[in-house]
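Undergrad: Got a structure for you, written out below as structure tokens; questions coming shortly.
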Amino acid sequence: MKTTSKIIKEIIFGHVGACIVLLCIVPVFFTAYGLYRGFEIKVEQISDPSDEEDLIVVGFSQLGSESGWRSAHTASIQQALTKDAGYFLIFNNARQMQDNQIKAIRSFISQRVDYIVFAPVIEDGWDTVLLEAKNAKIPVIVTDRKVNVQDDSLYTAWIGMDAKEEGKKAGKWLESYLEQEQRQTEEINIVVLKGTVGSTAEIGRTKGFAEIAARHRNWNILESVTAEFTANKAKEVMRDMLRRYPEMDVLISQNDDMTIGAIDAMQEAGISFGEEGDITIISFDATRDALELVKEGRINVDVECNPVQGTYVNEIIQKLENGESVQKYYVVEEKVFTKENVAEFLKDRKY
Ligand code: GZL
């Protein structure tokens, strides 16, 4: 149960403008949970971490909710860090803004949580706030994307994917596909839809694919442009790419949401794609909706990025609670899906 002072603080800064509260601050002491002169002051009855002494309090800063993959990643953490599993989870969605994540982490520090878990929107800019967490003796577990910090003792462990390897897998698939189509020497015109610039996924997938592309002088990357990992932005950008590059042969789309948006733009322009189409589509994430399109031959290949990382976070925290050592890096398992192998995985796919 929250104390009245906490309620007042929340009302002033959260639920009702300061001016209204100044008019009724006194009566609020008598009606902290109820109605007052027509202003309904709803105060959420949330339990205070301190009331649940034996629970492990975790502050989780999620970078956003921009994609189907992100929703699966969030669900994975929330399903692992439940009250039944011994956790009190405080969740914050930063809407893809680093400032919001820094504010959330500072809030977790001031609430003296036991652990901070966060998925950094971009790799740079975390040294200061992670030093604050270290000074507060709060272990930080980084999940999904990486942080680029001077001192890697600022975080205890990282769980995620090998983004550069994912990019190389895409390039190697294209090599084998072109060989199978006997197009090894043909000029291949490629457009790349990138994710959030400066994110591990964007940096790694771009570098990995470029490393393979550099082996082929007949592969031309016409343009590499960000669509922020979202379907709407990708549809807008792809409309422009289709107008500017009618000679496009291959689309590399760094997540399935952007692929869906790009497909909308191609359909709108009457351009064929996929197995029998003019444009070959290489996508990343391997979310369920996209794998259905792989099965239909509308996406040629989907390079998996595994969002199921909550079990790793739980395992790491339990080990730390027991005074055991943990690995610094945990890399999740990932596959490559094509029409040939996708069906066996689709039936059990939860995300
Ligand atoms: C990958 C993850 C990326 C996904 C996108 O590790 O960070 O962010 O590929 C998501 O779908 O938006």
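The values are calculated or read from the model by the stated rules, or taken from the named source; none is laboratory data. Everything numeric here is computed off the predicted structure, so don't read it as measured data. In this analysis, Cβ positions are derived from the backbone assuming ideal geometry, glycine residues included, and neighbour counts consider all displayed protein chains. Just the protein is used for accessible areas: all its heavy atoms, side chains included, with ligands, DNA and RNA removed. Shrake-Rupley method; radii C 1.70, N 1.55, O 1.52, S 1.80 Å.
Undergrad: Residue under question is ILE271, and the condition is that it be modelled with pLDDT of 95 or more, open to solvent by 10 Å² or more (accessible area, probe 1.4 Å), of a type in the set (A, V, I, L, M, F, W, C) and within 19 Å of the chain's Cα centre (by Cα); does it hold? Before you say what the answer is, go through the steps one by one.
TA: Working: modelled with pLDDT of 95 or more: yes; open to solvent by 10 Å² or more (accessible area, probe 1.4 Å): yes; of a type in the set (A, V, I, L, M, F, W, C): yes; within 19 Å of the chain's Cα centre (by Cα): no.
No.
Undergrad: Contact list please: Cβ distance under 7 Å, first residue in segment 230-253 and at pLDDT 95 or above, second residue in a loop (DSSP other than H, G, I, E, B) and open to solvent by 30 Å² or more (accessible area, probe 1.4 Å), pairs at least six apart or on different chains.
TA: LEU242/ALA269; LEU242/ILE271
Undergrad: Considering (1) touching a Phe, Trp or Tyr at 6+ places or on another chain (Cβ under 6 Å); (2) surrounded by fewer than 16 Cβ atoms within 10 Å (Cβ to Cβ); (3) over 21 Å from GLN62 (Cβ atoms), say which one TYR329 fails and leave the rest.
TA: (3)
Undergrad: Do you know which residues across segment 164-183 are among the aliphatic types (A, V, I, L, M) and free of Cβ contacts under 8 Å to residues at least 60 places away in the same chain?
TA: LEU178
Undergrad: In the set ALA286, ALA290, ALA343, which member is over 16 Å from ASP162 (Cα atoms), of a type in the set (A, V, I, L, M, F, W, C) and within 16 Å of the ligand (Cβ to nearest atom)?
TA: ALA290
Undergrad: Within the set of pairs 6 or more residues apart or between chains, which connect a residue that is farther than 23 Å from VAL313 by Cα inside segment 41-65 to a residue that is modelled with pLDDT of 95 or more and aromatic (Phe, Trp, Tyr) with Cβ atoms less than 9 Å apart?
TA: SER47/PHE88
Undergrad: Need at least 1 residues that are out of contact with any Pro (no Cβ under 9 Å at 6 or more places or on another chain) and among the acidic types (Asp, Glu) per element, so show me which strands (runs of 3 or more DSSP E) inside segment 238-351 make the cut, counting only ones lying wholly within it.
TA: Filter on segment 238-351 gives 301-304.
Undergrad: Only residues that are open to solvent by less than 50 Å² (accessible area, probe 1.4 Å) and assigned to a loop (DSSP other than H, G, I, E, B): list them for segment 110-126, please.
TA: Filtering segment 110-126 for residues open to solvent by less than 50 Å² (accessible area, probe 1.4 Å) gives 113, 115-123, 125-126.
If the condition is that a residue be open to solvent by less than 50 Å² (accessible area, probe 1.4 Å) and assigned to a loop (DSSP other than H, G, I, E, B), then VAL113, ALA119, PRO120, VAL121, ILE122, GLU123, GLY125, TRP126 are the ones that fit.
So that you can scan it fast, the table gives a plain yes or no per residue for (1) on the phi > 0 side of the Ramachandran plot; (2) within 16 Å of the ligand (Cβ to nearest atom); (3) in contact with a Phe, Trp or Tyr (Cβ under 6 Å, 6 or more places away or on another chain); (4) open to solvent by 10 Å² or more (accessible area, probe 1.4 Å):
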{"site": "ILE203", "(1), (2), (3), (4)": "no, yes, no, yes"}
{"site": "MET266", "(1), (2), (3), (4)": "no, no, yes, no"}
{"site": "ILE279", "(1), (2), (3), (4)": "no, no, yes, no"}
{"site": "ARG298", "(1), (2), (3), (4)": "no, no, no, yes"}
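Undergrad: To continue, here is another question. What do you reckon, is ILE317 farther than 13 Å from ALA262 by Cβ and surrounded by 23 or more Cβ atoms within 10 Å (Cβ to Cβ)?
TA: Considered against the rule, which asks whether it is farther than 13 Å from ALA262 by Cβ and surrounded by 23 or more Cβ atoms within 10 Å (Cβ to Cβ), ILE317 comes out as yes.
Undergrad: So which residues in segment 146-159 are crowded, with 17+ Cβ neighbours inside 10 Å and without any contact (Cβ under 8 Å) to a residue 60 or more places away in the chain, if there are any at all? Even if it seems obvious, please write down each step before you answer.
TA: Filtering segment 146-159 down to residues crowded, with 17+ Cβ neighbours inside 10 Å leaves 146-147, 149, 154-159.
Those that are crowded, with 17+ Cβ neighbours inside 10 Å and without any contact (Cβ under 8 Å) to a residue 60 or more places away in the chain: LYS146, VAL147, VAL149, LEU154, TYR155.
Undergrad: Take the conditions surrounded by fewer than 20 Cβ atoms within 10 Å (Cβ to Cβ), under 23 Å from the mean Cα position of the chain (by Cα) and more than 16 Å from the ligand (Cβ to nearest atom) and apply them to ASP162. Does it pass?
TA: no
Undergrad: To continue, here is another question. Give me the pairs, please: first residue somewhere in segment 127-145 and over 14 Å from ASP114 (Cβ atoms), second residue anywhere and of a type in the set (Gly, Ala, Ser) and not in a strand (DSSP E or B), beta-carbon distance under 7 Å, and either six or more positions apart or on two chains.
TA: From segment 127-145, the pairs are THR143/ALA119; ASP144/ALA119; ARG145/ALA119; ARG145/SER199; ARG145/ALA201.
Undergrad: Is it the case that ASP285 is open to solvent by 20 Å² or more (accessible area, probe 1.4 Å), within 25 Å of the chain's Cα centre (by Cα) and in contact (Cβ under 8 Å) with a residue 60 or more places away in the chain?
TA: Here the answer is no, as ASP285 does not meet what is asked.
Undergrad: Moving on. Just to be sure before I move on: is GLN96 surrounded by fewer than 22 Cβ atoms within 10 Å (Cβ to Cβ), closer than 30 Å to GLY208 by Cα and within 17 Å of the chain's Cα centre (by Cα) in the structure I sent?
TA: In short, yes.
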